[in-house]
Structure formats: structure tokens, C-alpha cells
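The values are calculated or read from the model by the stated rules, or taken from the named source; none is laboratory data. Just so it is clear, the structure is predicted and the values come from calculations on it, not from any experiment. Quick reminder, even Gly has a Cβ in these numbers, built from the backbone with ideal geometry, and neighbours come from all protein chains shown.
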Amino acid sequence: MQGAGKIRVNFQNWEKPVFDKNGLTKWHWVCQYNENLILGEYTDVGAFTYINASFGVIIEDHAQIGSHCSIYSQSTIDDKKGKVIIKKGARIGTHSTIMPGVTVGENAVVGAYSFIKDDIPDNSLAYGIPAKVVKKI
């Protein structure tokens with residue numbers, strides 16, 4: 001992305017997703033409780049991503065989420081609950097997992113296969129299991 005204010009060429013015909021009765025989109029990503037999902041414009045959610053929005057998920061404008069990611073606003077394993085916020089221009093690498101209550105900051109970049117259990121500040125690069133900030137960008 002060349003900046004949050006510019007529309008990428010592949011998004012000139014961008015449209016908000018429509019969910020079928022099972023929460024599936026035509027782009028092959030799914031959202032449970034999609035009535036609690038707030039999706040900004042010019043977002044890109046990769047195929048086979050799963051979003052559990054039972055306690056709210058906000059994905060702001062120009063955010064990118066790679067394929068095969070998991071975003072949880074509720075975890076039944078440890079009973080954590082909380083809204084997930086992915087801010088404007090943030091990018092999440094493929095196969096990453098975001099846990100309840102996490103905010104990924106504006107223009108932050110999270111590397112592939114990361115486990116995000118803590119907030120990632122604006123303009124940061126983070127990756128790993130668990131994801132750790134490695135530098136400001």
C-alpha cells in the first residue's frame with residue numbers, strides 16, 4: 001500500500017462483503033456474529049480467514065489481513081473476551097492469530113505466522129510467537 005490516503009489499483013472496484021447464512025463471503029473468508037463486525041473501506045481480508053466477532057471486531061480503512069488468519073473477540077480456551085481493533089493501514093501477515101482485546105495500531109505491520117496477544121503500537125513492525133515489536137517504521 002502506498003499510504004492510507006491512496007486507493008490501491010486492485011481496489012478501484014472495491015465493495016463491502018455480503019455474508020451468506022453461514023457468515024461466508026464470496027472471497028472465502030468467514031465471520032461469525034458478523035453483525036458485530038465493523039469493516040472500513042478498501043480493506044483486504046484474505047481467503048480462509050476466520051473472524052469471531054461475538055464481542056466486536058473493528059477493521060479500519062485500508063487494513064490488510066493475509067489469508068488463513070484467525071481473529072478472536074472471544075476465546076473459549078481461557079475465557080478471554082474483548083473487542084479486537086485493527087487500525088487504519090495496518091497489515092497482518094498470513095496465518096497469524098489475534099486474541100481478544102487486542103489493538104493493532106495504525107500502519108503497523110505484523111509478520112506471517114504471528115500470535116498476537118498484546119497490543120501492537122502504531123507504526124511498528126512486530127512478529128513472532130508471541131508477537132513482539134522489533135522496530136518502529
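Miscellaneous remarks
- Contacts under 7 angstrom Cβ, first residue in region 41-55 being surrounded by 16 or more Cβ atoms within 10 Å (Cβ to Cβ), partner in a loop (DSSP other than H, G, I, E, B) and of a type in the set (Lys, Arg), 6 or more apart: Phe55/Lys83
- Pairs meeting the criteria (first residue in region 19-37 and hydrophobic (A, V, I, L, M, F, W, C), second residue in a strand (DSSP E or B) and modelled with pLDDT under 90, beta carbons under 6 Å, at least 6 apart or on different chains) are Val30/Leu24.
- Count - residues of region 4-37 that are part of a helix (DSSP H, G or I) and modelled with pLDDT of 80 or more: 3
- Complete set of residues in region 93-123 that are of a type in the set (Val, Ile, Thr) and either in contact with a Leu (Cβ under 8 Å, 6 or more places away or on another chain) or not in a loop (DSSP other than H, G, I, E, B) (or both): Thr97, Ile98, Thr103, Val104, Val109, Val110, Ile116, Ile120
- Restricting Asp118, Asp122 to residues that are among the charged types (D, E, K, R) and over 22 Å from Asn52 (Cβ atoms) narrows the list to Asp122.
- Qualifying residue in region 48-67 (condition: more than 21 Å from Lys16 (Cβ to Cβ) and either part of a loop (DSSP other than H, G, I, E, B) or at pLDDT 95 or above (or both)): yes
- When Ile71 is tested against (1) outside any loop (DSSP other than H, G, I, E, B); (2) over 23 Å from Lys132 (Cβ atoms); (3) β-branched (Val, Ile, Thr), only condition (2) is not met.
- Count - residues of region 79-92 that are buried (at least 20 other Cβ atoms within 10 Å of the Cβ) and assigned to a loop (DSSP other than H, G, I, E, B): 3
- Residue within region 114-122 that is among the small types (Gly, Ala, Ser), under 10 Å from the mean Cα position of the chain (by Cα) and at pLDDT 95 or above present: no
- Only one of the listed residues (Gln64, Gln74) is within 22 Å of Gln12 (Cβ to Cβ), out of contact with any Cys (no Cβ under 6 Å at 6 or more places or on another chain), touching a residue at least 24 places away in the same chain (Cβ under 8 Å) and among the polar types (S, T, N, Q). That residue is Gln64.
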